[in-house]
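All remarks here apply to the structure that follows.
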Amino acid sequence: MMNSLTRFSIIIGVILLFNVERLVSGQGTRCDGTEHAGTNDPNNKNNDLDTDTGLGVLLDATDKEYMTDCCGVIESWRFYVKTNTGTVDLQVWRPDGTGSFTLVGKNSRTVSTINNEITYLVPVSERISVLDGDYLGFYTSGNPMISHKQEGGGNDRYTYSTIIGAKNVGDSFDWSAATPATESRTYAIRADLGPGNAPTFTNLPNTLTLTDDRAANTLLFTVSVNDVDPQDTPTLVGLTTIIDFTFNAANGEVKNTGALPVGTTELQFRVDDQCSGTTETLTIVVNNIPPVITNLPSTYDISEDQTAEQLLYTLTVTDGSLSDRVTCSTDSITPSTDNFFVRLIAGTTDSYGVYVKALPSLSYDSVRQYAVLISCTDTKTPVTDTLTIFVTKNNPPSFDNLPATKTVISSSTTTGSTVYTVTATDSDSPQLYFNMTCVPVTCPFVIHHSGEILATSDLTSHTVPGYDLYIYVNDGKTLVGPRTLTVIISGINTAPTITNLPLSSALSVPENGGLSASVYQVSVTDVDVGQTHTFYASYSPSTGSSLFSMNPTTGLISTSSTQAINYEALGASGRSYVITVTVTDGFDTATQSLSVAITDQNEAPVFGKASYAISGNEGNAGTTVGDPSFDVTDPDAGATKAFSIDCPSFVINSNSGVVTFSHDYDLDVAGTAPSVTCIVTVSDGDLTDTASLVITINDVNDHTPRFTSATFTFYAQPNTGVGTALGFITASDNDAGAFGTISYTLDQTGLGFEYFGVKHDGEFYVKSSLLLFSSGTTLSLSTVVKDSGGLQDTAAVTVIIPESTTAAPTTTTDRHVTFWMDPRNIAWVTVAVILFTGLFLFCAYLIVRFGNFAFFHNFFKPSQVTAKKWPTHRKTRIRYSKNPSKDRWEPWRAHSTEYLARENVY
């Protein structure tokens, strides 16, 4: 028998062991409604009753009978009341691993009947939540009520205390200080277990729709949960790894860490109680607040004479999101133009304006309004609106006092004298600009922007009687003019006269007429005898100055001395010129015009290179050799070109220049050239040009080498010396050049060794000794001839070693090999003699040892004799036998099996 302290220690140890196991296993599996803790049948445990009042009992058992083995709730109690009535606390205790237990739940039940099994269905609001490893217990403040039965041999089924007193849920008690069991009892109590209720979310799943204007750390949502089981404490966790949001599991608050991400985000949450959990999703949909252009649509007027870059309109853009940065740009402009653009206004970081570029070349008559579609975006949602820009028409200036005539006296007009003041008005441009041209061009006057015309020299020395001043006024947009001011200078010389201009029609000048060629001689008369005349020329278009020149002394108009006239290069706009000729006598000038028309001349086509080259393979007539890709130019627009070639072996396509064979071209034919240089001519129908064409033809391996015979037969004797020529193997190849080079090889696989060789010229010779072959033997092999291109032919080769009809003289070396002439036979016979001698000595020893021959009789039974094996030549792997009729060794295949069976072999 164990003492009470030992029994208590065992009970506490078992409880601690159960507790450790519970801690390791966690909550355990969830109860499914079929489990219970305690005795199976309380009604069967009604034998005895405790006697102590105020008794508390902690039930335990080595088989965990009173321990819960799942996670759930107590749905009902069954216990047997034997004698006393009153109130009993039905308890659940949870060990903490140190000997102390915590009361995790109790159901108090008042009983007024005795000798009865009581069933108590626990209301949902009073259910006790249990874990795997909790223990049942009970407490009665008065007389004991729950019966028990003593059974079994153990005494470790309970621990009791009379000092525990009434305990509330959450109180702890050190059951290690209580009284351990002194006998084995089974108490009449049972707790039926159920799964309980899983915790739930009260406001999930849910969809939260927001805009992206929320400030950081804004409370967006509060997750709330509920658990019907009164003792369960739900634990809330967030399952989704989130970047833009935070979740406080303690209070269920969901907040944003910064700017809300536009789009849909799903956040998963889980709530757990002691036994199970529930997962739900919060869907957060964030909609972007797009920017707003508050001052569009709108209009703006701009004058067509705008010249400087200018800010036209400042955009006012707002965005509800605090974190969004808005950028603006032009989306499109109708009609299309690059005159307007949008950019940040200088000195600002978020203010955009609509600008007009410098020198926009606006025209009221061409386009009177532009629709500028402006796009602003916060990188999420673009918005557009329109600024309509109207082009206003410019009012041109007008002359007030032109045209007019002004007479000045040469003797009184000095440098800087005001000759005339031009006046003009403009209703919308306060600033006007004047300029002018003169006829003659060397007039001694200049006009200022004020309109004053001043003399640039003293007119006393001038002889021109008058000048026409062509005056223009410009308001920055519109140029008005010319208006003429004729200045007459009195008291001067008479001007010269050009007598042979103008002509009734344009003067024709052909292109390519040569440098410094005469075009026209201008003639002049002057009433002032003895004056020297100087000629000048101006050209329209001005490019005429590079094509023509005028002799200032003689008045001869010639072509340029440095640049030839090219009709095609001039283009349509540069083939007609007006040459304005001016002649002066030093005082006055005369001016006339000469119209010149450049005429076209036929020009020859020209090859880009002096020589071209192509290459191709030999082939039949019509085969393409190659395309030289001639680069031919013809200055004449639309000119046709045709090619021809002077080599009779080739044909050239007159249009493309592709070269083909005119007849079969075979380099294997003697005298056929592998490379030919031809002259190719290109013609436009009248003029031609030539270039050389080097044509290289590549040889093709188009012939297979062929043996002159399908079989070659040679004769030899066994003693024919190594190196002896037996004859020639002959073949030919119709290819000329490298592909006509042939070589020979032999296939002697069937002979097992290389007995013969062939040289490059086809000589067939003995390469190794033929002594192993007897007369009358026929050897078969094959030969291959191959050219350098890999083409080949095969022929059979037969070597016959004829039968010997007469005995060989004793002095000749052409004889059969005897047995003792082969050193290999001497070797194995020597070994055999040694072995036979050893065997003989062994037999003699046995005779002496055993004294009779019975041993040999048994040892050498006929059935024990091994059949002879046909020897095989070590090189050729051919078996040989002795032919007694010819006294020589022959290959075994030359004889029948019967013959070989009765003959000795080697």
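The values are calculated or read from the model by the stated rules, or taken from the named source; none is laboratory data. None of these values were measured; they are calculated from a predicted model. We place every Cβ from the backbone using ideal geometry, glycine too, and count neighbours over all the protein chains shown. To get the accessible areas, we keep the full protein, side chains included, count just its heavy atoms, and leave off ligands, DNA and RNA. Shrake-Rupley method; radii C 1.70, N 1.55, O 1.52, S 1.80 Å.
Placing +1 on each Lys and Arg Cβ and -1 on each Asp and Glu Cβ, with no other charges, gives the chain a dipole about its Cα centre of roughly 5340 debye.
Please list, by residue number, every one of the chymotrypsin sites (Phe, Trp or Tyr not before Pro) in the stretch 446-514 that is coil in DSSP and has at most 14 other beta-carbon atoms within 10 Å. Counting only loop positions with at most 14 other Cβ atoms within 10 Å, none of the chymotrypsin sites (Phe, Trp or Tyr not before Pro) in the stretch 446-514 qualifies. Computed 3J(HN,Hα) for the stretch 170-179, one whole-Hz value per residue from the Karplus formula 6.51 cos²θ - 1.76 cosθ + 1.60 where θ = phi - 60°, is x, 6, 10, 8, 8, 6, 5, 8, 7, 7, glycine and proline marked x. Fully extending the segment from Asn734 to Asn512, taken as 0.36 nm per residue of separation minus the present Cα-Cα distance, adds 73.9 nm.
Pop out the carbon and sulfur fraction of the accessible area of the stretch 452-570 as a percent, whole number, probe 1.4 Å.
Carbon and sulfur: 52 percent of the exposed surface of the stretch 452-570.
Close amide H pairs (under 5 Å, H built 1.01 Å from N) link Leu507 with Ser595, Val596, Ala597, residues at least 5 positions away or on another chain. Solvent-accessible surface (1.4 Å probe) assigned to Thr777 amounts to roughly 20 Å². Taking label positions 7 Å along the Cα-Cβ direction at both Thr711 and Asp52, the computed distance is 12.7 nm, reported to one decimal. Working note: Karplus 6.51/-1.76/1.60 with θ = phi - 60° gives the stretch 402-418 the couplings 10, x, 7, 10, 10, 9, 10, 9, 4, 6, 10, 9, 10, 4, x, 5, 7 Hz, where Gly and Pro are set to x.
Per residue of the chain, what 222 nm ellipticity follows from adding -39500 (n - 2.57) for every DSSP H run with n ≥ 4, rounded to the nearest 500?
Details: 5 runs with 66 residues, N = 906.
That calculation yields -2500 deg cm²/dmol at 222 nm.
Ile289 contributes an accessible area of around 40 Å² to the protein surface, as traced by a 1.4 Å probe with all chains present.
How much FRET efficiency would the formula 1/(1 + (r/R0)^6) give for Ser768 and Leu841, where r is the Cβ-Cβ distance and R0 is 60 Å, rounded to 0.05? Step by step, r from the Cβ atoms, then E = 0.90. Structural descriptor for the stretch 342-488: relative contact order 22 percent, calculated from alpha carbon pairs under 8 angstrom and at least 6 residues apart.
Taking all protein chains as shown and a probe of 1.4 angstrom, His448 keeps an accessible surface of around 90 Å². Placing His663, His703 in order of accessible area, with the largest value first and a 1.4 Å probe, yields His663, His703. Between Asn566, Leu547, Thr704, the Cα set farthest toward the positive side of the dipole of the chain (charges on each charged residue's Cβ, about the Cα centre) is that of Thr704. Per residue, the average separation of C-alpha pairs within less than 8 Å and at least 6 apart gives the stretch 596-754 a relative contact order of 23 percent. Here the 3J(HN,Hα) profile of the stretch 523-533, calculated from phi with Karplus coefficients 6.51, -1.76 and 1.60 at θ = phi - 60°, is 10, 9, 10, 8, 6, 7, 5, x, 7, 8, 9 Hz, Gly and Pro shown as x. Compared with the alpha-carbon gap, the fully stretched path from Asp400 to Ser141 is longer by 80.1 nm at 0.36 nm per residue. Of the residues Tyr135, Thr98, Thr110, the one whose Cα sits farthest toward the positive end of the charge dipole of the stretch 91-154, with +1 on the Cβ of Lys and Arg and -1 on the Cβ of Asp and Glu, is Thr110.
Rounded if a/c is under 1.5, else prolate if a/b beats b/c, else oblate: with a ≥ b ≥ c from the C-alpha gyration tensor eigenvalues square-rooted, which is the stretch 435-541? Judged from the Cα gyration tensor, the stretch 435-541 comes out oblate (a/c at least 1.5, b/c at or above a/b). Grouping the Cα pair distances of the chain into 20 Å bins from zero gives a pair-distance distribution of 9, 13, 11, 11, 15, 21, 14, 5, 1, 0 percent in increasing distance order.
Please find the FRET efficiency linking Val700 to Ala796, where r is the Cβ-Cβ separation and R0 is fixed at 41 Å, and quote it to the nearest 0.05.
Details: r = 30 Å, r/R0 = 0.73.
Efficiency, rounded to the nearest 0.05: 0.85.
Remark: accessible surface ordering of Ser427, Ser611 (largest first) is Ser427, Ser611, probe radius 1.4 Å.
For the stretch 712-733 and the stretch 582-641, what is the separation of their Cα centres, given in Å? Comparing the Cα centres of the stretch 712-733 and the stretch 582-641, I get a distance of 74 Å.
Within the chain, the cysteines lacking any other cysteine Cβ closer than 4.7 Å to their own Cβ are Cys843.
Calculated FRET efficiency, Ser576 to Thr554, Cβ-Cβ distance, R0 = 22 Å: about 0.30 to the nearest 0.05.
May I ask you to derive the relative contact order of the chain, considering only C-alpha pairs under 8 Å and at least 6 residues apart, and to give it as an integer percent? Across the chain, relative contact order equals 6 percent. Ranking Leu260, Leu219 by solvent-accessible area of protein heavy atoms (1.4 Å probe, all protein chains present), from largest to smallest, gives Leu219, Leu260.
Give me the extension gain from Thr623 to Ser125: residue separation times 0.36 nm, minus the current Cα-Cα distance, reported in nm with one decimal.
On the way: separation 498, 0.36 × 498 = 179.28 nm, distance 10.60 nm.
So the extension gain works out to 168.7 nm.
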